[in-house]
Amino acid sequence: MDLIIFLICSVIAVACGINLVLQKHPISAALSLVGVMGSLAVLYLLLGGAFIAAAQIIVYAGAVMVLFIFVIMLLNAGAEPAGRKRSYARLFGPPLLAIFVLLIAYAIQARLPRSEGVQFGRFTGGSPEGIGIKVFTDYLLPFEVVSVLILIAILGAIVLAHKEIR
Amino acid sequence: MNFFLLSIIKAAVVAFVLLTTLAYLQWAERKLLAHIQLRVGPRRVGPHGLLQPLADVIKLITKEDMIPSHVNKFFYLLAPFIAVAFALLPISVIPFGTEVDVGGVRTWMQLTDLNIGVLFILAVSSMGVYGVALAGWSSNNKYSLLGGLRSSAQMISYELPMALAIASPLLLVNTLSLRAIVQNQAGWYFGIIPRWSIFQGPWPQIFAFIIFLIAAFAETNRVPFDLPEAENELVAGFHTEYGSMKFAAFFMAEYANMVTVACLATLLFLGGWQPLWSPEYGSNYFPAAAFTVTGLAALYAGLKPARRLDKYTLPAAAVVSFILAGLFFAPALNAILLPLFWFAAKVGAILFLYIWIRGTLPRFRYDQLMHFAWVFMFPVAMVNLLITSLLVAIASK
């Protein structure tokens with residue numbers, strides 16, 4: 001059962017990812033990205049990361065992508081005109097991309113230490129309590145540094161958006 | 001019993017009850033609004049218009065399913081599906097009552113209990129924005145687009161105070177599972193004051209409750225925050241170009257969101273299925289007494305009919321009330337009906353508040369709406385959260 005759901009969701013995630021690149025219209029592309037995030041959330045759930053799955057949906061699919069779509073709608077961006085494609089790009093592009101992906105996959109496989117495969121349901125530390133305890137004990141410093149980083153980003157956004165009053 | 005069979009039966013029962021509730025919620029809203037405005041409301045179809053929802057459904061199904069020529073067809077058809085699907089999903093984690101024994105099968109009055117139940121509801125409701133935003137954009141109509149834009153901006157803004165308001169009672173009960181949240185609110189102070197989150201120490205969540213209710217009005221696009229479909233400015237907002245069942249889907253989604261939010265408020269703040277006061281003081285007999293009094297009042301009014309048909313309808317209503325009161329005396333049904341009664345009473349009270357406010361308040365202006373969210377609601381919710389966490393930390397020492 002876990003394997004079937006894993007296969008379905010990973011296929012959806014990859015298909016949505018490819019669709020994201022292929023779509024000409026920004027809204028279709030943005031919605032494909034929502035599809036990727038939704039299926040990733042299901043994969044997190046399968047791996048036992050319930051909190052991460054919910055956060056993925058709330059933050060990425062529910063807030064970040066809604067803002068993207070909001071901006072696309074506000075600018076009323078139309079479909080991108082198809083650019084002129086060189087014939088050699090058409091000919092060599094896809095095989096070169098495939099070789100590149102395979103090389104990266106091989107490099108990751110070769111460099112990482114051998115370990116047994118992932119087993120669904122073995123990891124149990126993904127509950128909200130588990131994450132909270134980890135964040136406030138082992139990872140306290142990175143957590144605080146990230147919050148300062150976000151504060152700087154907010155200040156930067158305010159400075160950029162602020163109109164100078166003369 | 002087989003887990004799958006049991007789940008399917010429970011899902012079917014919940015879906016049937018939810019859809020019926022949605023249909024009659026709309027009837028209740030029309031009736032109540034009418035009485036607030038000194039009208040009588042629907043009363044042609046069935047006694048007191050009770051068959052009006054059925055007539056509406058038949059009308060909407062049999063209407064011609066038109067697709068305007070200027071729309072983006074794929075997203076235009078997808079939007080109502082998204083809206084209605086994400087509006088109906090949250091009911092699957094909401095607990096309606098305690099564990100009950102039905103014909104030898106012990107089961108919870110809840111479809112499934114997630115240990116991240118609250119987060120699940122937040123996640124699903126945050127996905128609901130897509131239905132409205134896509135409907136507005138794909139209609140290729142300036143009114144629709146403005147409605148969709150307003151709606152997405154409003155829902156993003158009000159999600160923040162709502163999430164902060166939800167976080168404060170969670171600090172008191174210390175869990176995210178909706179079932180455990182309600183179980184943590186059991187019991188009474190001095191036997192009379194219930195230990196619901198809005199009364200529970202060390203810091204009663206009454207402010208969080210009010211903020212949650214206001215944000216919930218905005219999240220569900222209801223008056224006074226119904227700017228996405230402001231009739232006098234935007235025709236009908238994001239669903240201007242929709243007709244027949246596609247329009248019905250948006251309508252259903254709006255009412256389903258109302259029910260979800262009312263259920264969430266009940267579970268988080270009002271103690272779910274916990275009765276108002278202790279059974280030691282006879283709260284178990286309250287439902288039967290309430291129905292009996294309703295029946296007697298209906299019977300008394302039926303003796304002096306104000307309208308011609310009242311002679312027949314009011315005694316019939318009285319008989320229904322007496323039967324309902326009688327059901328509470330059956331020992332097998334009592335254990336099931338009591339929690340359901342208290343849950344339904346609280347949800348019903350919040351839904352009544354929704355309709356009441358729709359009949360009372362005018363609409364906000366758009367800049368007022370945003371100003372209110374960011375300058376008032378967000379800081380208040382934040383301060384409430386800080387005070388709650390401080391007091392919880394001190395109390396747990």
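The values are calculated or read from the model by the stated rules, or taken from the named source; none is laboratory data. Because the structure is a prediction, the values reported are computed rather than measured. Cβ: placed from backbone, ideal geometry, glycine included. Neighbour counts: every protein chain shown.
Looking at the stretch B:269-307 only, could you name the residues that are in contact with a Phe, Trp or Tyr (Cβ under 8 Å, 6 or more places away or on another chain), closer than 19 Å to B:F352 by Cβ and part of a helix (DSSP H, G or I)?
Answer for the stretch B:269-307, where residues must be in contact with a Phe, Trp or Tyr (Cβ under 8 Å, 6 or more places away or on another chain), closer than 19 Å to B:F352 by Cβ and part of a helix (DSSP H, G or I): B:F269, B:P287, B:F291.
For A:F51, work out the one condition from (1) within 14 Å of chain B (Cβ to nearest Cβ); (2) closer than 30 Å to B:A135 by Cβ it doesn't fulfil.
Going through the list (1) within 14 Å of chain B (Cβ to nearest Cβ); (2) closer than 30 Å to B:A135 by Cβ, A:F51 breaks only (2).
Count, please, the residues in the stretch B:233-256 that happen to be within 16 Å of B:S144 (Cβ to Cβ), polar (S, T, N, Q) and in a helix (DSSP H, G or I).
The qualifying residues number 0.
Quick one: in the stretch A:100-140, which of the residues that are outside any helix (DSSP H, G or I) and within 14 Å of chain B (Cβ to nearest Cβ) is surrounded by the fewest Cβ atoms within 10 Å (Cβ to Cβ)?
Restricting to residues being outside any helix (DSSP H, G or I) and within 14 Å of chain B (Cβ to nearest Cβ), the top hit is A:T124.
Would you confirm, using the coordinates I've provided, whether B:F378 is under 14 Å from B:I214 (Cα atoms), assigned to a loop (DSSP other than H, G, I, E, B) and either in contact (Cβ under 8 Å) with a residue 40 or more places away in the chain or among the hydroxyl-bearing types (S, T, Y) (or both)?
Here the answer is no, as B:F378 does not meet what is asked.
Got a number for residues in the stretch A:5-41 being in contact (Cβ under 8 Å) with a residue 40 or more places away in the chain and within 17 Å of B:Y130 (Cα to Cα)?
Residues that pass the stated criteria total 4.
So, B:L171, is that one within 14 Å of chain A (Cβ to nearest Cβ), more than 30 Å from B:E99 (Cα to Cα), modelled with pLDDT of 80 or more and assigned to a helix (DSSP H, G or I) or not?
Criteria not met by B:L171.
Condition test on B:F364, is it crowded, with 18+ Cβ neighbours inside 10 Å, of a type outside the set (S, T, N, Q) and outside any helix (DSSP H, G or I)?
Answer is yes for this residue.
Starting from residues that are of a type in the set (F, W, Y) and in a helix (DSSP H, G or I), keep the ones in the stretch B:308-330 and report whichever is nearest to B:A288 (Cα to Cα).
Residue satisfying both the conditions and the ranking: B:F322.
Name the single residue that is farthest from the other protein chains (Cβ to nearest Cβ) among those in the stretch A:16-27 being at pLDDT below 85 and out of contact with any helix residue (DSSP H, G or I) (no Cβ under 7 Å at 6 or more places or on another chain).
A:V21
Looking at the structure I just gave you, is A:I69 touching a Ser or Thr at 6+ places or on another chain (Cβ under 6 Å), over 23 Å from A:L7 (Cα atoms), among the aliphatic types (A, V, I, L, M) and within 14 Å of chain B (Cβ to nearest Cβ)?
Here the answer is no, as A:I69 does not meet what is asked.
So B:I357 fits all but one of (1) among the β-branched types (V, I, T); (2) surrounded by fewer than 13 Cβ atoms within 10 Å (Cβ to Cβ); (3) touching a residue at least 12 places away in the same chain (Cβ under 8 Å); what number is the exception?
(2)
Could you please find all residues in the stretch B:37-56 being surrounded by fewer than 14 Cβ atoms within 10 Å (Cβ to Cβ) and in contact (Cβ under 8 Å) with a residue 60 or more places away in the chain?
B:Q37
Rundown of residues vs (1) in contact with a helix residue (DSSP H, G or I) (Cβ under 7 Å, 6 or more places away or on another chain); (2) assigned to a helix (DSSP H, G or I); (3) among the aliphatic types (A, V, I, L, M); (4) modelled with pLDDT under 85, yes/no style:
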{"site": "A:L3", "(1), (2), (3), (4)": "no, yes, yes, yes"}
{"site": "A:V14", "(1), (2), (3), (4)": "no, yes, yes, no"}
{"site": "A:M37", "(1), (2), (3), (4)": "yes, yes, yes, no"}
{"site": "A:G48", "(1), (2), (3), (4)": "no, no, no, yes"}
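So is A:V159 exposed (fewer than 10 other Cβ atoms within 10 Å of the Cβ) and either in contact with a helix residue (DSSP H, G or I) (Cβ under 9 Å, 6 or more places away or on another chain) or more than 27 Å from B:S126 (Cβ to Cβ) (or both) or not?
Yes, satisfied.
Does the stretch A:99-136 hold any residues that are at pLDDT 75 or above and of a type in the set (D, E, K, R), and which are they?
Correct list: A:R111, A:E129, A:K134.
I'd like the residue in the stretch B:205-232 that is of a type in the set (D, E, K, R) and assigned to a loop (DSSP other than H, G, I, E, B) and, out of all such residues, is farthest from B:I350 (Cα to Cα).
Top of the filtered list is B:D226.
Please specify each residue of the stretch A:54-66 satisfying the condition of being at the interface with another protein chain (Cβ under 7 Å from one of its Cβ atoms) and surrounded by fewer than 20 Cβ atoms within 10 Å (Cβ to Cβ).
Matches in the stretch A:54-66: A:A63 only.
Residues are listed down the side, and each one gets a yes or a no for (1) over 29 Å from the mean Cα position of the chain (by Cα); (2) touching a residue at least 60 places away in the same chain (Cβ under 8 Å):
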residue	(1), (2)
B:L270	no, yes
B:W277	no, yes
B:A297	no, no
B:L309	yes, yes
B:A316	no, yes
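Every residue, every condition in (1) within 14 Å of another protein chain (Cβ to nearest Cβ); (2) charged (D, E, K, R); (3) more than 20 Å from B:W273 (Cβ to Cβ), yes or no:
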residue: B:N140; (1), (2), (3): yes, no, yes
residue: B:S151; (1), (2), (3): yes, no, yes
residue: B:Q154; (1), (2), (3): yes, no, yes
residue: B:R195; (1), (2), (3): no, yes, no
residue: B:I210; (1), (2), (3): no, no, yes
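Taking the stretch B:60-76 only, how many residues are hydrophobic (A, V, I, L, M, F, W, C), within 14 Å of chain A (Cβ to nearest Cβ) and surrounded by 15 or more Cβ atoms within 10 Å (Cβ to Cβ)?
Number of matching residues: 2.
Could you count how many residues in the stretch B:101-138 are more than 30 Å from B:E241 (Cα to Cα) and either at the interface with chain A (Cβ under 7 Å from one of its Cβ atoms) or touching a His at 6+ places or on another chain (Cβ under 7 Å) (or both)?
4
Taking the stated definitions as given, is B:F96 assigned to a loop (DSSP other than H, G, I, E, B) and either in contact with a helix residue (DSSP H, G or I) (Cβ under 8 Å, 6 or more places away or on another chain) or farther than 20 Å from A:A30 by Cα (or both)?
When the stated conditions are applied, B:F96 passes them.
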